[in-house]
1. Kindly evaluate A202 against the criterion of being over 20 Å from M1 (Cα atoms), out of contact with any strand residue (DSSP E or B) (no Cβ under 9 Å at 6 or more places or on another chain) and either modelled with pLDDT of 95 or more or surrounded by fewer than 21 Cβ atoms within 10 Å (Cβ to Cβ) (or both).
2. Determine if region 54-69 includes at least one residue that is surrounded by fewer than 24 Cβ atoms within 10 Å (Cβ to Cβ) and assigned to a helix (DSSP H, G or I).
3. Considering only residues that are crowded, with 20+ Cβ neighbours inside 10 Å and over 23 Å from G12 (Cβ atoms), which ones fall in region 229-254?
4. Need a quick list: strands (runs of 3 or more DSSP E) entirely within region 136-228 having at least 2 residues that are among the β-branched types (V, I, T) and under 27 Å from G12 (Cα atoms).
5. With the structure loaded, tell me whether L97 is modelled with pLDDT under 95 and of a type in the set (A, V, I, L, M) or whether it fails that test.
6. Restricting attention to region 296-305, does a residue exist that is over 21 Å from G62 (Cα atoms), surrounded by fewer than 22 Cβ atoms within 10 Å (Cβ to Cβ), out of contact with any Gly (no Cβ under 8 Å at 6 or more places or on another chain) and among the charged types (D, E, K, R)?
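The values are calculated or read from the model by the stated rules, or taken from the named source; none is laboratory data. Model, not experiment: these values are computed from the prediction. Don't worry about glycine lacking a Cβ; one is built from the backbone with ideal geometry, like all the others, and counts go over all protein chains shown.
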Amino acid sequence: MRIGIMFGATPGPDNRLDGLIDVAKRVEEMGFDSVWLAHIFSLDAVTALALVGHETRRIELGTAVVPSFPRHPTALAQQALTAGVASGGRFTLGIGLSHQIVIENMLGLSYAKPARHMKEYVEVLGPLLRGEPASYQGEDYRVNAALQIEGAHEVPLLVAALGPVMLGVAGRLAQGTITWMTGPKTLASHVVPTLREAASKAERPEPRVVAGMPIAITDNVEKGRARTAELLAMYGMLPSYRAMLDREGVAGPADLALIGSEAQAAAAIDELAASGVSDLAAAIVPVDDETMERTLAFLASRLSG
């Protein structure tokens, strides 16, 4: 299982652009496989990773995830291909629906047919990311467009998916999925088999499963869980994540997070790998001043190469 670090989902120096570039360079030097950047209400993830890509040499850079509704698929494809050029072909685009409260209440857009929206969105976006023209006539999108970006590389696409319909879209039309607030039991019994079945029926390669997980190596487990509950409380209230937490049988994000000793975290990571996860995107929770360094050191010790 490949191991990367997720930034932006928890507080840290990565919330500033200069800080993100510095920490990404350090993570690359430590040998990590990837850097993932959440796209919430701070840095634009694609733009920021394009700049990170220009300052790094080896590490994969991925978004976790960019909401689809606010951006036309041709605009996002153009931006993603540009980020791919800036990073020498190391950029991966993760997209998702976001949530009804964001799309309707904050942005004033319709969230009436989210699964149809994503299917049509990927039908337009996918060819463009492969360097092909997009010709599509659907309910939401009617597009005939092509992009010409000198030096562009194909950009792999991951679709954040939790329910069976969205997992079907990810399996048939993308390279895989990226999850959040989803535990090993749910990944093993629901996400991975549903995704693999969809990919197999579409005669596509084995799909990638990137699991975003909060983690903190600490001796003070009680403090770690309290800090995680405080920082990630909103995720336990969003319906799509709440459904995954309920399926896993946990009360909230703090109960899902990998909080504890190196040995405890190692066992949890082994369980994730056994569930079919191909990549761990570790979001380090800042429990105290030592957490970041200790957790980074532990994760680096788990690197395969």
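1. On the way: over 20 Å from M1 (Cα atoms): yes; out of contact with any strand residue (DSSP E or B) (no Cβ under 9 Å at 6 or more places or on another chain): yes; either modelled with pLDDT of 95 or more or surrounded by fewer than 21 Cβ atoms within 10 Å (Cβ to Cβ) (or both): yes.
Judged against the criteria, A202 is a match.
2. Our first condition is that a residue be surrounded by fewer than 24 Cβ atoms within 10 Å (Cβ to Cβ); within region 54-69, this holds for 54-60, 66-69.
Going one step further and asking which of them are assigned to a helix (DSSP H, G or I), we end up with 54-55.
Yes, region 54-69 has at least one match.
3. Those that are crowded, with 20+ Cβ neighbours inside 10 Å and over 23 Å from G12 (Cβ atoms): S240, M244, L245.
4. Values: elements: 142-145, 157-159, 176-180, 208-217.
So the answer is 176-180, 208-217.
5. Details: modelled with pLDDT under 95: no; of a type in the set (A, V, I, L, M): yes.
Against the criterion (modelled with pLDDT under 95 and of a type in the set (A, V, I, L, M)), L97 does not qualify.
6. Going residue by residue through region 296-305, those that are over 21 Å from G62 (Cα atoms) are 297-298, 301.
Still in the running and surrounded by fewer than 22 Cβ atoms within 10 Å (Cβ to Cβ): 297-298, 301.
Within this subset, residues satisfying the condition of being out of contact with any Gly (no Cβ under 8 Å at 6 or more places or on another chain) are 297-298, 301.
Within this subset, residues satisfying the condition of being among the charged types (D, E, K, R) are none.
The answer is no; no qualifying residue exists.
Each row is one residue, and each column tells you yes or no for (1) surrounded by fewer than 22 Cβ atoms within 10 Å (Cβ to Cβ); (2) within 23 Å of E55 (Cα to Cα); (3) of a type outside the set (S, T, Y).
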position: Q79; (1), (2), (3): yes, yes, yes
position: V85; (1), (2), (3): yes, yes, yes
position: L97; (1), (2), (3): no, no, yes
position: V102; (1), (2), (3): yes, no, yes
position: M106; (1), (2), (3): yes, no, yes
position: R116; (1), (2), (3): yes, no, yes
position: Q137; (1), (2), (3): yes, no, yes
position: A146; (1), (2), (3): yes, no, yes
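Let's see how each residue does on (1) touching an Asp or Glu at 6+ places or on another chain (Cβ under 8 Å); (2) in a helix (DSSP H, G or I); (3) over 30 Å from R242 (Cα atoms):
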residue	(1), (2), (3)
L76	no, yes, no
T82	no, yes, yes
G94	no, no, no
L109	no, no, no
R116	yes, yes, no
K119	no, yes, no
V122	no, yes, no
E132	no, no, yes
